[in-house]
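A short write-up of the structure that comes next.
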Amino acid sequence: MSYSVTEPSQRQKWFAGFLVIGYALITLLPLVWIVATGFKSGSDSIAYPPKIVFEPTVEGYVNLFTAQTRMNNELALEPREQLPWYEQLVREKGNTIVGPSRFSERFLNSVIIGFGSTFFAIVLGTAAAYAFSRFRIPLKDDLLFFILSTRMMPPIAVAIPIFLMFRQLGLNDTHAGMILLYTAVNLSLAVWLINGFIDEIPIEYEEAALIDGYTRFQAFYKVVLPQAATGIASTAIFCLIFAWNEYAFAVLLTSGTAQTAPPFIPTIIGVSGQDWPAVAAGVTIFLLPVTVFTVLLRKHLLRGITFGAVRK
Amino acid sequence: MSGKQAVQTIQTKPVTALNSAKGLSDRMIAWIFIAPTIIILLAINIFPLIWTIYLSFTNYRVNRPNKDVEFVGLRNYERILSDTDIWISMQATAHFLIWTIVLQVLIGFFLAYLINKKFKGNDLWTTIIVLPMMLSPAVVGNFWTFLYQPQIGLFNYVVGFVSGADPSSFSMIGDVALAPWAIVIVDTWMWTPFVMLICLAGLRSIPDSIYEAAECDRASKWRQFWTITVPMVLPFLMLAVLFRGIENFKMFDLVVQLTGGGPGSITEVTSINLKREAFEKWRTGYASAYAVILFVTIFGIASIYVKALNKVKER
């Protein structure tokens with residue numbers, strides 16, 4: 001008997017699909033608009049009514065990556081055919097490029113601080129999670145809950161003493177300071193999540209390995225880690241996304257050297273207020289890695305997000 | 001070897017194997033594995049918390065570090081609890097919290113229910129819906145100010161297109177009445193997928209056999225929904241509400257970029273208020289007391305809620 005009473009009917013499926021696709025498209029609209037704005041000229045981006053059909057240009061991206069000033073008469077009269085295409089573009093607007101803008105620096109900071117803190121959080125977190133799972137630690141449940149409760153503080157509240165501390169230690173506006181901070185914040189999530197994943201791995205595998213003569217460390221490395229790999233991967237993605245998107249600490253504790261992209265993007269000013277194509281270009285570039293991760297690794301992400309819900 | 005000796009050897013061998021003399025002992029491994037984590041958490045999470053509590057009893061100001069630091073006892077706390085500004089920002093936060101949770105729960109659950117019908121290609125569309133959740137709230141807040149511009153913004157244009165109103169007649173960010181809704185809409189756009197995913201996990205965890213049994217008992221679909229689906233998804237839903245609640249109570253990035261707390265201070269949620277006290281007025285001691293009150297509030301409500309949640313799970 002192959003008839004199932006719980007399988008939805010074709011009509012239901014069609015109707016459900018219709019509504020969900022509708023919602024997905026509406027949700028996608030703001031994102032599509034922003035990406036499109038990155039390719040509009042300055043005047044197109046603030047056109048009224050909003051322009052759906054427009055002539056694409058990479059002006060926004062050029063403005064994003066370069067610092068410019070108005071050119072003087074001498075440069076205005078200079079012949080332009082020999083100049084690189086981006087310089088020509090800029091000259092047409094009456095400006096000239098003086099050097100790279102700070103965006104690439106900020107983006108690079110995001111990469112360094114993001115990946116750095118994720119690496120440390122995962123390495124330390126996995127070790128601690130393993131220990132919590134396999135050894136009898138005194139006050140284990142209370143410790144785990146306390147670790148989790150540190151996430152209940154508003155970041156601004158935590159920033160007050162951290163600000164003072166970093167000032168004393170000279171860690172203000174440094175990469176090391178920010179990596180340390182993000183690692184600490186990510187550690188609590190990493191330990192909690194990976195502990196859950198390791199708990200799911202039957203202990204018999206390690207016991208067999210130990211009886212076969214493996215050391216405890218070898219059992220951890222060769223037996224547990226490969227099985228926990230997917231769980232660790234999803235946790236790593238979450239840690240990376242947090243550090244990548246973080247704003248409050250970055251804006252309060254950094255100002256130049258170690259500033260990441262999120263505090264920087266809203267400050268991209270053009271001639272008259274915010275340079276929307278450049279901001280949109282910056283936003284697009286910044287969103288790209290996260291989008292790629294989400295699409296490629298969606299199964300892992302789904303597992304990680306719902307994991308907190310499914311376990312006890 | 002005699003039989004008795006062989007049995008003895010076999011009985012003792014597994015125990016010594018687990019306390020292996022090869023390599024580091026279990027205790028050492030446990031210490032090495034846990035120590036760095038504990039040290040970092042103590043330094044960056046615990047110690048600052050204690051320092052904040054200490055500061056909350058003083059009148060310390062970061063911009064005047066050389067002034068005498070007096071111990072003022074509970075004065076900061078008294079002043080905060082009687083400060084009308086604080087209560088206004090609590091109201092703004094409450095409005096934000098309640099409406100975002102209500103909307104996200106309704107829409108999120110509805111979406112999860114539809115996606116659970118397993119139509120063709122639902123994987124692709126689910127991934128698309130999940131996208132906004134992965135973005136930086138600050139960056140999202142910033143570009144939504146572009147979308148919310150009265151003249152040139154896409155949001156006003158679409159609303160005008162659909163409802164016939166004049167796009168430049170209202171400003172989501174500029175109008176005092178609309179600004180709180182502006183932040184609710186953006187937060188819902190970002191985080192509904194989160195609630196949806198958790199509800200989906202909940203829906204998928206309900207075994208088919210329960211529904212089949214209900215069919216055998218000739219229960220209507222409507223009845224099945226209310227007696228099977230809803231109660232079994234409820235723990236997941238409550239968990240999602242807990243996470244969203246805690247996050248939105250702490251909300252800072254999105255609102256500060258979208259409205260800056262304005263117009264006036266109508267959307268100045270507690271985190272923004274706290275930032276002003278601590279990093280603009282530099283009343284560090286006062287702000288520390290505020291932080292402690294917020295933390296205790298969140299912790300208290302969360303603890304009570306978790307107890308209720310555990311009760312629901314046991315049912």
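The values are calculated or read from the model by the stated rules, or taken from the named source; none is laboratory data. Predicted model, so just to flag it, every value in this text is computed and none were measured. We place every Cβ from the backbone using ideal geometry, glycine too, and count neighbours over all the protein chains shown. Ligands, DNA and RNA are excluded from the accessible area calculation, which covers all protein heavy atoms including side chains. Shrake-Rupley method; radii C 1.70, N 1.55, O 1.52, S 1.80 Å.
For segment B:252-268, give me the residue count where each residue is facing another protein chain (nearest Cβ under 9 Å) and without any contact (Cβ under 8 Å) to a residue 24 or more places away in the chain.
Number satisfying all stated conditions: 1.
Can you tell me which residue among B:224, B:257 is in contact with a Gly (Cβ under 6 Å, 6 or more places away or on another chain) and part of a helix (DSSP H, G or I)?
Within the list B:224, B:257, the selection yields B:257.
For residue A:18, state whether it is exposed (fewer than 15 other Cβ atoms within 10 Å of the Cβ), more than 8 Å from every other protein chain (Cβ to nearest Cβ) and among the aromatic types (Phe, Trp, Tyr).
In short, yes.
Using beta carbons and a limit of 9 Å, which pairs, at least six apart or on different chains, have the first residue in segment A:70-91 and open to solvent by 60 Å² or more (accessible area, probe 1.4 Å) and the second one small (Gly, Ala, Ser) and assigned to a loop (DSSP other than H, G, I, E, B)?
These pairs meet every condition: A:70/A:94.
Could you say which residue among B:176, B:162 is of a type in the set (A, V, I, L, M, F, W, C), assigned to a helix (DSSP H, G or I) and either within 11 Å of chain A (Cβ to nearest Cβ) or open to solvent by 30 Å² or more (accessible area, probe 1.4 Å) (or both)?
B:162
With the structure loaded, tell me whether residue A:191 is touching a Pro at 6+ places or on another chain (Cβ under 8 Å) and either hydrophobic (A, V, I, L, M, F, W, C) or within 8 Å of chain B (Cβ to nearest Cβ) (or both) or whether it fails that test.
no
Quick test of your reading of the structure: residue A:11 fulfils all but one of (1) surrounded by fewer than 11 Cβ atoms within 10 Å (Cβ to Cβ); (2) in a helix (DSSP H, G or I); (3) at pLDDT below 80. Name the failing condition by number.
Only one criterion in (1) surrounded by fewer than 11 Cβ atoms within 10 Å (Cβ to Cβ); (2) in a helix (DSSP H, G or I); (3) at pLDDT below 80 is unmet by residue A:11, namely (3).
State which residue is farthest from residue A:281 (Cα to Cα) when the search covers only segment A:45-69 and only residues that are open to solvent by 50 Å² or more (accessible area, probe 1.4 Å) and not in a loop (DSSP other than H, G, I, E, B).
A:69
Can you pull out the residues in segment A:255-312 that are within 16 Å of the chain's Cα centre (by Cα), at the interface with chain B (Cβ under 8 Å from one of its Cβ atoms) and either under 28 Å from residue B:112 (Cβ atoms) or modelled with pLDDT under 75 (or both)?
A:287, A:290, A:291, A:293, A:294, A:295, A:298, A:301, A:305
Residues in segment B:227-251 that are in a helix (DSSP H, G or I), in contact with a Ser or Thr (Cβ under 8 Å, 6 or more places away or on another chain) and more than 8 Å from chain A (Cβ to nearest Cβ): how many?
Here the count works out to 3.
Applying the selection to segment B:260-296, what residues are of a type outside the set (A, V, I, L, M, F, W, C) and part of a helix (DSSP H, G or I)?
If the condition is that a residue be of a type outside the set (A, V, I, L, M, F, W, C) and part of a helix (DSSP H, G or I), then B:270, B:271, B:273, B:275, B:276, B:277, B:284, B:285, B:286, B:288, B:290 are the ones that fit.
In this structure, does residue A:231 turn out to be in contact with a helix residue (DSSP H, G or I) (Cβ under 6 Å, 6 or more places away or on another chain) and either open to solvent by 10 Å² or more (accessible area, probe 1.4 Å) or part of a helix (DSSP H, G or I) (or both)?
yes
Tell me which residues, restricted to segment A:263-293, are of a type outside the set (A, V, I, L, M, F, W, C) and more than 24 Å from residue B:152 (Cα to Cα).
A:263, A:289, A:291
Select from segment B:33-83 the residues that are buried (at least 16 other Cβ atoms within 10 Å of the Cβ) and modelled with pLDDT under 80 and write down the one among them that is nearest to the other protein chains (Cβ to nearest Cβ).
Per the criteria, the residue is B:62.
Looking at B:125, B:144, which is the one that is at the interface with chain A (Cβ under 9 Å from one of its Cβ atoms), touching a residue at least 60 places away in the same chain (Cβ under 8 Å) and within 27 Å of residue A:291 (Cα to Cα)?
Answer to the selection: B:144.
Could you list, ordered by first residue, the pairs with Cβ atoms under 7 Å in which the first is in segment A:96-107 and under 12 Å from residue A:268 (Cα atoms) and the second is open to solvent by 50 Å² or more (accessible area, probe 1.4 Å), at least 6 apart or interchain?
Short answer, once both residue conditions are applied: A:101/A:65; A:103/A:65.
If a residue must be modelled with pLDDT under 80 and touching a helix residue (DSSP H, G or I) at 6+ places or on another chain (Cβ under 7 Å), how many such residues does segment A:47-67 contain?
3
So which of A:125, A:170 is modelled with pLDDT of 80 or more, within 32 Å of the chain's Cα centre (by Cα) and open to solvent by 40 Å² or more (accessible area, probe 1.4 Å)?
A:170
With respect to residue B:288, is the statement that it is open to solvent by 30 Å² or more (accessible area, probe 1.4 Å), under 25 Å from the mean Cα position of the chain (by Cα) and touching a residue at least 12 places away in the same chain (Cβ under 8 Å) true?
So residue B:288 fails the test.
Quick grid of which residues meet (1) of a type in the set (S, T, N, Q); (2) assigned to a helix (DSSP H, G or I); (3) within 23 Å of the chain's Cα centre (by Cα):
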site	(1), (2), (3)
A:150	yes, yes, yes
A:159	no, yes, yes
A:179	no, yes, yes
A:192	no, yes, yes
A:223	no, yes, no
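Of everything in segment A:195-210, what is surrounded by fewer than 19 Cβ atoms within 10 Å (Cβ to Cβ), facing chain B (nearest Cβ under 8 Å) and touching a Lys or Arg at 6+ places or on another chain (Cβ under 8 Å)? Give them in sequence order.
none
Being out of contact with any Asp or Glu (no Cβ under 8 Å at 6 or more places or on another chain) and either at the interface with chain A (Cβ under 8 Å from one of its Cβ atoms) or buried (at least 23 other Cβ atoms within 10 Å of the Cβ) (or both) is the filter here, so list the residues in segment B:273-284 that pass it.
The answer is B:274, B:275, B:277, B:278, B:279, B:284.
Does residue A:40 qualify as being modelled with pLDDT of 80 or more and more than 10 Å from chain B (Cβ to nearest Cβ)?
yes
When you look at residue A:259, is it out of contact with any strand residue (DSSP E or B) (no Cβ under 9 Å at 6 or more places or on another chain), under 30 Å from residue A:175 (Cβ atoms) and surrounded by fewer than 23 Cβ atoms within 10 Å (Cβ to Cβ), yes or no?
yes
Give the number of residues within segment B:208-234 that are within 23 Å of residue A:302 (Cβ to Cβ) and open to solvent by 60 Å² or more (accessible area, probe 1.4 Å).
2
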